[in-house]
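Below is one structure, written out as structure tokens, with a few remarks after it.
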Amino acid sequence: MKFKSLIIPMTLLTLLSVGCGKTDNKANENNSNVTEESKPNTDNNGGTVDMVTSPSRATDEAKLIKAVNESWIVILENDITTTKDITLESGFKKADKDDPSKMVETSRVVALYKQNENKEKVANYTLTVPKLIIKDENAKIEGGTIKGDVYIEAKGVKIEGTTIEGNVYFSNEEEKNTFHMDDNSKVTGTMEVK
């Protein structure tokens, strides 16, 4: 009889402990996403800054500025106009495809288009900007239209499927000679070393 009277309180205590100790899996998933996407990076002064290693999507000027400063790949989700110059700096990293625990340097990408589940382009977007300054070697601009001048200060910059309604200026001949623009791209202004 004493044994039965102990079993009921012990069972209740066990159930209460398990119920109160249960973790919220949704919260853990959200926290793991933050740690996977935000990796520490150092700035020019040796300070630590956050860098997003996954694509950043921009829908307005504020999100565009944030994405350009924090992510190696910026994807526009609609037309965006900014009154500020945009600079693509170098030094961004992403997870290595062979060993995701390692971070490797990567070139910047700005995607001015939307694609469907079959990775086909279904919409192009326009980025209206006074100056787009590219300081990252092998950076790539894909799709859509840039309304404004583009200043290239790095080797190996690529423009694919993009219309630039403005001029393209290179800071030297080497950058001009290593610049690549595919047959689906065009520049309405001049292309020159300045």
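If you scan region 111-164, which residues turn out to be assigned to a loop (DSSP other than H, G, I, E, B), charged (D, E, K, R) and open to solvent by 60 Å² or more (accessible area, probe 1.4 Å)?
GLU117, LYS119, GLU120, LYS135, GLU137, GLU153, LYS155
Being at pLDDT 90 or above, open to solvent by 30 Å² or more (accessible area, probe 1.4 Å) and either part of a strand (DSSP E or B) or not acidic (Asp, Glu) (or both) narrows it down to one of ASN44, ASN78, ASN31, so name that one. First the steps, then the outcome.
Details: ASN44 fails: at pLDDT 90 or above; ASN31 fails: at pLDDT 90 or above.
The conditions single out ASN78.
Have a look at GLY156, GLY161, GLY148, GLY189 and point out the one that is under 22 Å from the mean Cα position of the chain (by Cα) and farther than 20 Å from TRP72 by Cβ.
Going through GLY156, GLY161, GLY148, GLY189 in turn, the sole match is GLY148.
Quick one: which of THR87, THR83 is surrounded by fewer than 16 Cβ atoms within 10 Å (Cβ to Cβ) and in a loop (DSSP other than H, G, I, E, B)?
Criteria check complete, one pass: THR83.
May I ask you to list the residues in region 165-189 that are not in a loop (DSSP other than H, G, I, E, B) and not basic (Lys, Arg)?
Result: GLU165, VAL168, TYR169, PHE170, GLU173, GLU174, GLU175, ASN177, THR178, HIS180, MET181, VAL187.
Out of (1) in a loop (DSSP other than H, G, I, E, B); (2) open to solvent by 20 Å² or more (accessible area, probe 1.4 Å); (3) in contact with a strand residue (DSSP E or B) (Cβ under 8 Å, 6 or more places away or on another chain); (4) acidic (Asp, Glu), the odd one out for GLU192 is which?
(1)
Pairs please, first residue from region 68-84 and at positive phi, second anywhere and outside any strand (DSSP E or B) and among the basic types (Lys, Arg), Cβ atoms under 9 Å, 6+ apart in sequence or on different chains.
none
Quick check on region 97-109. Is at least one of its residues open to solvent by 50 Å² or more (accessible area, probe 1.4 Å), within 18 Å of VAL150 (Cα to Cα) and within 15 Å of the chain's Cα centre (by Cα)?
No: region 97-109 contains no residue that is open to solvent by 50 Å² or more (accessible area, probe 1.4 Å), within 18 Å of VAL150 (Cα to Cα) and within 15 Å of the chain's Cα centre (by Cα).
Picking from LYS158, LYS119, LYS140, which residue would you name as being at positive phi and of a type in the set (D, E, K, R)?
LYS119
The values are calculated or read from the model by the stated rules, or taken from the named source; none is laboratory data. If you're wondering where the values come from, they're calculated on a predicted model, not measured in any experiment. All Cβ positions, even for glycine, are placed from backbone atoms using ideal geometry, and neighbour counts span all protein chains on display. Ligands, DNA and RNA are excluded from the accessible area calculation, which covers all protein heavy atoms including side chains. Shrake-Rupley method; radii C 1.70, N 1.55, O 1.52, S 1.80 Å.
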